[in-house]
Each structure stands twice: as C-alpha cells, then as structure tokens.
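Structure first, then comments.
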Amino acid sequence: MSHNYAPSNETIEEQYNENVMPIWKSLNVPVKRASDCVVEDFDGNEYLDVFSGISVTNVGHGNDAVVEAAKDQLDEFVHGCSYVHPSQPVAELAERIAEVTPGDLQKSFFCNSGTEAVEGGVKLARKHTGNTEVIALEMGFHGRTLGSLALTGNKAYKRGMAPTLNDTVHAPAPYRYRWTNEDLTEEEFAKRAAAEIEHVIGTHTSDDLAAIIVEPVMGEGGIIVPPKGWLARVQEIAHEHGALLIADEVQTGYGRTGTLFASEQFDVVPDILTQAKGIANGLPLGAFTASSEVADAFESGDHLSTFGGNPVTCAAALATIDELQDGILEATAANGEWLADQLTDVEADFDVVGETRGLGLMQGVELVDPSVEGPHGVSPAPDQKLASAVADHLEGQGIIMGVGGYHKNVLRFQPPLTITQDQLDRTLDALRTAITEVTADE
Ligand SMILES: Cc1ncc(COP(=O)(O)O)c(C=O)c1O
C-alpha cells in the first residue's frame with residue numbers, strides 16, 4: 001500500500017491484516033485521536049472510553065500536563081539508559097515513588113512494561129531470599145513473556161507456548177462468587193482462602209519458596225476483590241516460609257482503586273511492588289520497588305534494560321503522579337463508590353447479572369446464564385456469549401467497554417479516572433439498554 005493514502009477505519013484494518021501479527025479476534029475502534037475520555041476513529045465517530053486502553057490512561061487521554069512534561073524532556077534528550085547516563089527524571093521519579101509508596105518501599109528499578117516489572121521482581125525475590133519457588137494464583141495474570149506467563153494462572157494465555165518458567169505453582173484465587181455458596185463472613189472466607197495457599201505450599205513446594213505473587217485486586221481474572229484480611233495473611237504466610245510478598249499492582253496502581261496503590265486499602269506494605277500501565281499515562285514504563293534491605297540484594301550486573309529508565313517516560317510519570325494527587329484520587333474514590341452503588345441496582349434488576357464488584361474505578365459486572373448451574377455447582381454458569389454481545393451492543397451505542405475474566409464473562413468498567421458522573425450515567429443507561437435488547441433477541 002502506498003504511503004500517500006487517506007487513512008480510514010477500513011485502510012487501517014487492511015494494513016493490520018496484511019502486516020501486523022494476527023493476535024486479535026476482531027479489530028476494535030482504530031483511534032485517530034483521543035482526548036480525556038473520548039476517542040475518535042478515522043471515520044469521525046466518537047466513543048466514550050470506559051476501558052482506557054486496558055486500564056492505562058488514568059489521568060485522561062492526552063492529559064496536557066503529562067504531554068507537556070514528555071515534550072519538554074524530548075527537547076532535552078531522549079535516551080539515557082538509566083545506568084549508563086543517569087538522568088534527572090529517573091532520579092526524581094525514584095525519589096517520588098519512595099515518597100508515595102507505602103511503608104519502607106524505597107528503591108526502584110525502571111523497565112518498559114508490566115511483564116518486565118514482574119520478572120524483575122521475581123529475580124529480586126530470588127536473589128534476596130536465596131530461594132527459587134514462586135506461588136501465584138489460579139486465574140491471575142502477570143504478563144505474556146515466558147517467565148510471567150508461567151505465573152499467569154490461565155491456560156488460555158499459555159496454549160501452544162509451554163514450557164514456561166519452572167518452579168511456579170498456583171493456589172486458588174479468593175474468588176468468592178465462584179468458590180462457595182456458603183454464607184461465610186468476610187473474615188471466615190479470608191481465612192479459608194489463605195489456608196488454601198498454605199495447603200499448596202505444603203503439597204507442591206520443597207521448602208524453597210522465594211515469593212508469593214498476587215494482584216491485590218485481580219484484573220484480567222475478572223475484577224476479583226479479596227476479602228479484608230486476606231492480603232495481610234498471605235504476606236504472613238510468605239514470611240513464615242522465608243519468602244517475600246510481591247504485590248503486582250501493574251493494573252491496580254496509580255489511582256485505579258481510589259488510592260495510589262490498592263495495597264494501601266488492605267493495610268499491607270508489600271515486600272516488592274510492581275507497577276506499569278497507568279504509571280506514565282500511556283507512555284511505556286514499568287517499575288518495581290522494594291525496601292532498601294530487599295533491593296540491596298541486587299549487585300552490579302544482576303539486572304538491566306537498555307531502554308529502562310527512559311527520561312521521557314519518567315518525566316511523564318512524574319506529571320502523572322502530580323495530576324493524580326491534584327484531586328483525581330479523591331474523585332476516583334467517590335465516583336467508584338457511586339458507580340458500585342449504581343451497579344448493585346443493575347444487579348438487582350437483571351437476573352443475568354450474577355455479581356457486580358470492584359474497588360474505585362475498577363468495577364466488574366459478571367454475566368451469567370441463570371438457568372444453568374456454574375462450575376462445581378457454585379453460582380449460575382458464566383455467560384461468555386452474552387458478555388461479548390453486550391460489549392458489541394455498547395460499542396454500537398458509542399461506548400468502549402472491556403470484557404475479561406477467567407470465563408470471559410465479566411464487563412470491565414476501567415475508565416480514565418477523570419470520567420464524570422454524567423459520563424458514567426450515560427454508560428449505565430447504555431448498559432441497561434444493551435442487556436435488555438441482547439437478552440430479548442435470545
Ligand atoms: C496485573 C498485571 N500484571 C502484569 C501485566 C503485564 O503487563 P504488560 O502487558 O505491560 O506486560 C498485566 C497486564 O494486563 C497485569 O494486569
């Protein structure tokens with residue numbers, strides 16, 4: 001195709017089909033430009049973005065302050081590799097992360113993505129503890145490179161890709177809706193779910209545990225919020241076995257749940273905290289942060305990334321944190337609570353909505369077939385087809401909605417955190433219309 005062409009949705013799709021590896025089922029809206037919560041395609045259609053490019057553009061697409069910070073740094077210099085040519089943005093961002101992360105988390109390593117942050121975090125846990133084995137959660141997601149893929153607890157991501165990293169085992173996720181129909185208190189369920197992790201350590205490891213890695217709220221697994229007390233108990237279990245707790249906050253970090261990091265809401269200071277996605281509002285940056293005591297296990301030569309510590313992305317991250325702390329965090333907490341209440345009403349009004357749950361502006365709507373029993377007789381069966389049809393219907397109404405979950409039946413509200421209640425209201429109305437019309441067609 002000539003480069004003198006007028007791009008349209010159709011030409012973009014043709015070029016993708018011709019030259020981009022086919023990793024998608026069907027192409028979503030091709031974006032020409034995006035501003036705050038609205039994206040525009042090449043045919044002039046506008047969409048309200050309720051998914052922020054998989055939970056990334058937390059302070060709004062094209063946030064002025066972030067763009068300006070990146071442009072200013074572009075004018076200075078673009079590449080340093082943080083360890084060959086130390087730069088001010090890296091120094092400042094590391095200092096800032098030490099200030100804004102909980103407890104004694106202090107030293108950061110910068111990389112380019114979430115999966116690198118996770119693998120770097122595991123390397124550090126191994127180096128610090130001298131142990132090798134890692135426990136992750138069933139249905140958890142930690143990335144697509146071979147190390148992180150081993151930690152990811154879902155065969156859908158691994159098909160045809162094995163073998164992955166050795167010495168990884170999975171424990172059950174605290175996914176209450178699909179775990180039991182019993183009427184347990186939150187505390188009882190937290191105990192039971194944590195006890196299962198101890199059971200897995202007892203049965204599947206060899207007294208050589210380096211880390212337990214968990215997402216404080218599981219994103220790709222279906223917006224699974226653990227019961228209170230669970231995360232703290234998981235950390236105790238890790239420590240009892242000479243291991244570290246790695247909180248993978250790639251998705252929950254940078255304001256998504258209404259605090260800068262979700263661990264704060266569970267009163268836990270993880271031993272290693274992984275970050276990416278929202279950290280630089282869309283510029284590629286990842287990081288992992290640990291206390292000095294843990295971080296100092298790394299010696300010269302233990303870890304490196306050529307692009308790691310890019311000054312442009314680090315400058316963007318500093319501006320992102322400023323924006324979050326300038327009222328967006330408070331708004332996220334308030335709007336998240338409001339949205340959760342509205343979704344509870346949706347759950348009450350539609351029997352195909354099995355459960356709604358979430359924290360901050362990370363809310364899930366689990367769609368089910370109420371006439372069919374779910375796996376192990378717990379809750380009604382997941383309805384993947386319905387979720388996909390509802391998301392398509394929403395796109396037809398000009399709304400981009402995420403779909404995820406282990407069973408691919410969970411709608412994911414993860415908008416830019418700058419979204420207004422009016423825009424959320426519009427999304428809720430559209431959701432009600434979509435569910436009504438799609439189920440009427442069945
Ligand atoms: C919790 C979590 N960890 C790690 C990753 C991997 O991040 P990336 O796609 O930037 O490699 C993701 C991506 O969705 C994630 O949600």
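Computed quantities for the displayed model
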| quantity | calculated |
| --- | --- |
| Relative exposure of Arg33, Arg126, judged by other C-beta atoms within 10 Å (fewest first) | Arg33, Arg126 |
| Extreme residue, positive dipole direction of the range 64-324, given options Ile272, Val90, Gly153 (C-beta unit charges) | Gly153 |
| Share antiparallel - DSSP beta bridges, the range 64-324, percent rounded to 5 | 40 percent |
| Listed residues Leu424, Ala195, Leu184: farthest to the positive end of the dipole of the chain (Cβ charges) | Ala195 |
| Proxy reagent accessibility, fewest Cβ within 10 Å first, across Leu93, Leu431 | Leu431, Leu93 |
| Label point distance in nm, Tyr83-Ala98, each placed 7 Å from Cα along Cα→Cβ | 1.9 nm |
| Förster radius 25 Å - calculated FRET efficiency between Lys385 and Thr180 (Cβ-Cβ, nearest 0.05) | 0.45 |
| Share antiparallel - DSSP beta bridges, the range 242-295, percent rounded to 5 | 50 percent |
| Debye, to nearest 20: dipole size of the range 64-324, +1 on Lys, Arg Cβ, -1 on Asp, Glu Cβ | 900 debye |
| Residue-span extension gain [Glu14 to Ser292] - 0.36 nm each, minus C-alpha spacing | 95.0 nm |
| Cα pair distances of the chain binned at 10 Å [whole percent] | 4, 21, 31, 28, 13, 3, 0 |
| Percent breakdown of C-alpha pair distances by 10 Å bin, ordered from the shortest bin, for the range 64-324 | 7, 32, 35, 19, 6, 1, 0 |
| Cα centre as origin, Lys/Arg/Asp/Glu Cβ charges: the chain dipole, Debye | 1140 debye |
| Local electrostatic count at Val56 - Lys and Arg +1, Asp and Glu -1, tallied over other residues with Cβ under 15 Å | -2 |
| As computed over the range 262-403, the Cα convex hull volume per residue (Å³) | 201 Å³ |
| Radius 12 Å from Cβ of Val378, net charge of other residues (Lys, Arg +1; Asp, Glu -1) | -1 |
| Normalised alpha carbon radius of gyration of the range 295-364 [divisor 2.2 N^0.38 Å] | 1.82 |
| Residues whose placed amide H lies under 5 Å from that of Asn281, excluding near-sequence neighbours | Asn58 |
| Normalised contact order of the chain, rounded percent, pairs of Cα under 8 Å and 6 or more residues apart | 22 percent |
| Förster-model FRET efficiency, 22 Å R0, Asn28 and Val346, C-beta, rounded to 0.05 | 0.40 |
| Pair Arg159, Thr306: separation of 7 Å Cα→Cβ label points (nm) | 3.4 nm |
| Exposure proxy ranking, count of Cβ atoms within 10 Å, fewest first, for Val372, Val100 | Val372, Val100 |
| Entries of Lys32/Lys385; Lys107/Lys127; Lys107/Lys228; Lys385/Lys408; Lys123/Lys277 with Cα pairs more than 18 Å apart | Lys32/Lys385; Lys107/Lys228; Lys123/Lys277 |
| Range of Cα positions in the range 124-232 per principal axis (Å), largest first | 39, 30, 22 |
| Theoretical ellipticity at 222 nm over the chain - DSSP helices of four or more residues, -39500 (n - 2.57) apiece, nearest 500 | -12000 deg cm²/dmol |
| Mean Cβ count within 10 Å, highest first, over the residues of peptides 301-310, 231-240 | 231-240, 301-310 |
| DSSP beta bridge pairing in the chain, given as percent antiparallel to the nearest 5 | 65 percent |
| Separation of the Ala6 and Ala91 label points, Cα + 7 Å toward Cβ, nm | 5.2 nm |
| Residue-span extension gain [Ala195 to Ser35] - 0.36 nm each, minus C-alpha spacing | 53.0 nm |
| Gain upon complete extension [Glu395, Glu236; 0.36 nm per residue less C-alpha separation] | 52.8 nm |
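Every number in this text was worked out from the coordinates using simple rules, so none of it is lab data. Values in this document were obtained by computation on a predicted structure and should not be read as measured data. Cβ: placed from backbone, ideal geometry, glycine included. Neighbour counts: every protein chain shown.
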